[in-house]
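Here the structure comes first, spelled out in structure tokens, and everything after it is commentary.
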Amino acid sequence: MTTVFGVKDTGPRARRLGKFGVRAVLAAAFALTAALLPARAQEAYPSHPVKIIVGFAPGGSSDIVARLVAEKLTVRLGKPVVVENRPGAGGFLATSQVLRQPADGYSLLLLASAHSVTAAMRATMPFDPVEDLDWLTTAATYGMVFGVRPDSPYASFVDIIAAAKSKPKTLTYYSVGDGTAHHLLGEWLSAATGAEFIHVPYRGSSAALPDFLAGRVDMMIDTMTFALPQMTAGAMRPLAVTSRKVPAEMAKVPFSGDIVPGLAYESWLGLAMRKGAPPEVVEKLRREITAIVLSADFAQELAKFGANATASTGAEFADRIRREIAEFSRVIDARGIQKQ
């Protein structure tokens, strides 16, 4: 039975109208539901746990910063944020894993400045190191330290450069591996000054330290986060720092750029994600993580190991990557270093 303009109709025409009317109502309901689903899915982000993939082993500065962010982001998002370590290839294994995941905001990437260095050192790349990612914000920055043992005969950065120029290929410095920022800063120093050092690569700072302390290597080139504890323990005397932003303990250490023009560099840690997620998700993550980085307690935690809490816009972060790739590419070309 169908009511048309208030009159009940029970004939064949009414039965046809009733049948088609129900179908029309159901079709409209399904169409409306389908139209609303994407908006509701976006509004509900996150609906399940979020991962932060770290390209380095647990315990290092990358892992520490990732876990600090994850703890605070869990509270701000109302869903668990967990850290997953995927070490290898200077962080590229972790990047590759994130780029294989859906672009939905549930797989974030904690990157280190090794990303730029490795991109400069690679002859070919399986992905675009800048354009394939949405850059959320930097989280931490810190300089690199040129240092010697306390009993070293070289009283200043100028002294050790002069010695390496007068007796080429006699003084040594350690790095944490070929093609790392530590290595390329040594090459940058040589390219800028004409001082020729011998590069001695190790599998990490901890592996290099015993030889440095024993006098088998003349100079340390390492991150502030590793060098600061060595200085406070009396095991290392800093000659120069590659950033003007330094912990109070190193306030009197010369800035490398004041001695060797242009020799300035900041190591960094930051967060990114695969490009293509809904803009609202990207902006929400950027807003929440930036708020964490700018918080006083986050800065206090980073200061404990010599790092600065440093936020940036996505555009500023991407520009930093492009600039560093270009700078290190120039050093590689100038020194005739073979790309990997």
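A few comments on the model shown:
- Considering (1) under 21 Å from residue 53 (Cβ atoms); (2) out of contact with any Asp or Glu (no Cβ under 7 Å at 6 or more places or on another chain); (3) not aromatic (Phe, Trp, Tyr), the lone condition that residue 282 does not fulfil carries the number (2).
- Test for residue 171: is it under 30 Å from residue 288 (Cβ atoms), of a type outside the set (Phe, Trp, Tyr) and out of contact with any Ser or Thr (no Cβ under 8 Å at 6 or more places or on another chain): no
- Selection within region 64-82 - in contact (Cβ under 8 Å) with a residue 12 or more places away in the chain, surrounded by fewer than 20 Cβ atoms within 10 Å (Cβ to Cβ) and touching a strand residue (DSSP E or B) at 6+ places or on another chain (Cβ under 8 Å): 67, 77, 79, 80, 82
- Lone unmet requirement of (1) touching a strand residue (DSSP E or B) at 6+ places or on another chain (Cβ under 6 Å); (2) at pLDDT 95 or above for residue 211: (1)
- Any chance residue 144 is closer than 22 Å to residue 229 by Cβ, in contact with a helix residue (DSSP H, G or I) (Cβ under 9 Å, 6 or more places away or on another chain) and in contact (Cβ under 8 Å) with a residue 24 or more places away in the chain: yes
- Single residue of 57, 94 found to be more than 13 Å from the chain's Cα centre (by Cα) and either part of a helix (DSSP H, G or I) or hydrophobic (A, V, I, L, M, F, W, C) (or both): 57
- When region 263-322 is filtered for residues that are in a strand (DSSP E or B) and of a type outside the set (Asp, Glu), the ones remaining, listed by number, are 267, 268, 269, 270, 271, 272, 273, 274, 308, 309.
- Cβ-Cβ contacts under 9 Å between residues 6 or more apart (or on different chains), taken from a first residue in region 305-317 that is among the charged types (D, E, K, R) to a second residue that is crowded, with 20+ Cβ neighbours inside 10 Å, are listed as 316/135; 316/137; 316/138.
- Across region 260-298, the qualifying residues are those that are buried (at least 16 other Cβ atoms within 10 Å of the Cβ) and of a type in the set (S, T, N, Q), and the one among them that is nearest to the chain's Cα centre (by Cα) is 267.
- Selection from region 242-259 of residues that are part of a loop (DSSP other than H, G, I, E, B) and buried (at least 19 other Cβ atoms within 10 Å of the Cβ): 242, 243, 246, 247, 253
- Verdict on residue 139 being within 17 Å of residue 325 (Cα to Cα), touching a residue at least 24 places away in the same chain (Cβ under 8 Å) and touching a helix residue (DSSP H, G or I) at 6+ places or on another chain (Cβ under 6 Å): no
- Test: residue in region 163-181 that is of a type in the set (S, T, N, Q), closer than 18 Å to residue 149 by Cβ and over 27 Å from the mean Cα position of the chain (by Cα): yes
- Region 186-210, residues that are in a helix (DSSP H, G or I), farther than 14 Å from residue 226 by Cβ and hydrophobic (A, V, I, L, M, F, W, C): 188, 189, 191, 192
- Some residue of region 270-293 being of a type in the set (Val, Ile, Thr), modelled with pLDDT of 95 or more and over 13 Å from residue 69 (Cα atoms): yes
- Taking first residues from region 188-204 that are farther than 15 Å from residue 172 by Cα and partners that are among the β-branched types (Val, Ile, Thr) and not in a helix (DSSP H, G or I), the Cβ contacts under 8 Å between residues at least 6 apart in sequence or on separate chains come to 192/260; 193/260; 203/176; 204/176.
The values are calculated or read from the model by the stated rules, or taken from the named source; none is laboratory data. Everything quoted here is computed from the prediction, not taken from an experiment. Backbone-built Cβ (ideal geometry, glycine too); neighbour counts: all protein chains shown.
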